[in-house]
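The values are calculated or read from the model by the stated rules, or taken from the named source; none is laboratory data. None of the values given here were measured: they were computed from a predicted structure. Neighbour counts are summed over all protein chains in view; Cβ atoms, including those assigned to glycine, are modelled from backbone coordinates with ideal geometry. Ligands, DNA and RNA are stripped out before the accessible areas are found, and what is left, the full protein with its side chains, is counted by its heavy atoms. Shrake-Rupley method; radii C 1.70, N 1.55, O 1.52, S 1.80 Å.
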Amino acid sequence: MPTTSDFQRMLREAALRVTRPRVAVLSAVHAHPHADTDSIIGVVRADLGEVSHQAVYDVLRALTAAGLLRRIEPPGSVARYEARVGDNHHHVVCRSCGVIADVDCAVGTAPCLTASDDHGFAIDEAEVIYWGLCPGCSTALSS
Ligand SMILES: [Zn+2]
Ligand SMILES: [Zn+2]
């Protein structure tokens, strides 16, 4: 788990000013991968005290634009954020409870899937969502 000084360094390396809300949001997303905005606000408030929704939204947007966070939004789900960026990993989503887990690239380098027709595009990423039932939900169904 990175420390506060690691988060400050990440912000500086992304040419972002170091602020307490930015450090708190980075830290919250590192500690809670695939958290939605409301959960992140809860964690940040536990850390910093009163912080407005808008402030957290703004920080999430800035950190995502700077490439420090990745925003994913599976169909039927609210936006979720994670700090694991740049590796073109995929996600498996439970159809029943919505829990999300990381799945490494099928081959290792992006894009890990070759399109059957690239339409002339220089494709550099493949984003895959695997759908199914998580172990908890499939146990609950069969019992
Ligand atoms: Zn489930
Ligand atoms: Zn992920």
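Which sequence of 109, 114, 19, 3 reflects their accessible areas, 1.4 Å probe, from the largest down?
114, 109, 3, 19
Once label points are set 7 Å from the Cα along Cα→Cβ at both residue 8 and residue 129, what is their separation, rounded to one decimal in nm?
3.9
Given the options 97, 46, 119, identify the residue whose Cα lies farthest towards the positive end of the charge dipole of the chain (+1 on Cβ of Lys, Arg; -1 on Cβ of Asp, Glu).
Value computed over the given set: 46.
When every alpha-carbon pair in the chain is counted, what percent end up more than 20 Å apart?
Considering the chain, 55 percent of its Cα-Cα pairs are separated by more than 20 Å.
Among 129, 72, what's the order by accessible area (1.4 angstrom probe), most exposed first?
Largest accessible area first, the residues go 129, 72.
So, for the chain, what is the accessible surface per residue at a probe of 1.4 Å, expressed in square angstrom?
59
Taking the Cα centre of the range 17-82 as the origin, how large is its charge dipole in debye, to the nearest 20, when only Lys and Arg (+1) and Asp and Glu (-1) carry charge on their Cβ atoms?
Values: 8 positive and 7 negative charges, 51 e Å.
Roughly 240 debye, rounded to the nearest 20.
Quick one: putting +1 on the C-beta of Lys and Arg, -1 on the C-beta of Asp and Glu, what dipole do you get for the chain around its Cα centre, in Debye to the nearest 20? Spell out each step's value before the answer.
Details: 12 positive and 17 negative charges, 115 e Å.
The calculated dipole for the chain is roughly 560 debye.
Just add up the charged neighbours of residue 11: K/R +1, D/E -1, any other residue whose Cβ is under 12 Å from the Cβ of residue 11.
+3
Which Cys residues of the chain have no other Cys Cβ less than 4.7 Å away and so no disulfide-compatible partner by this rule?
Taking the Cβ cut-off of 4.7 Å, the unpaired cysteines of the chain are 97, 137.
Measure off, as a whole percent, the carbon and sulfur share of the 1.4 Å-probe accessible area of the chain, all protein chains present. Show your work: numbers first, answer last.
On the way: 4440 of 8440 Å².
Carbon with sulfur: 53 percent of the solvent-accessible area.
If you take every DSSP beta bridge whose two residues both sit in the chain, what share of them, in percent to the nearest 5, is antiparallel?
70
Over all distinct Cα pairs, what is the inverse of the mean 1/r for the range 59-143, reported as the Kirkwood hydrodynamic radius in Å?
Its Kirkwood hydrodynamic radius stands at 14.6 Å.
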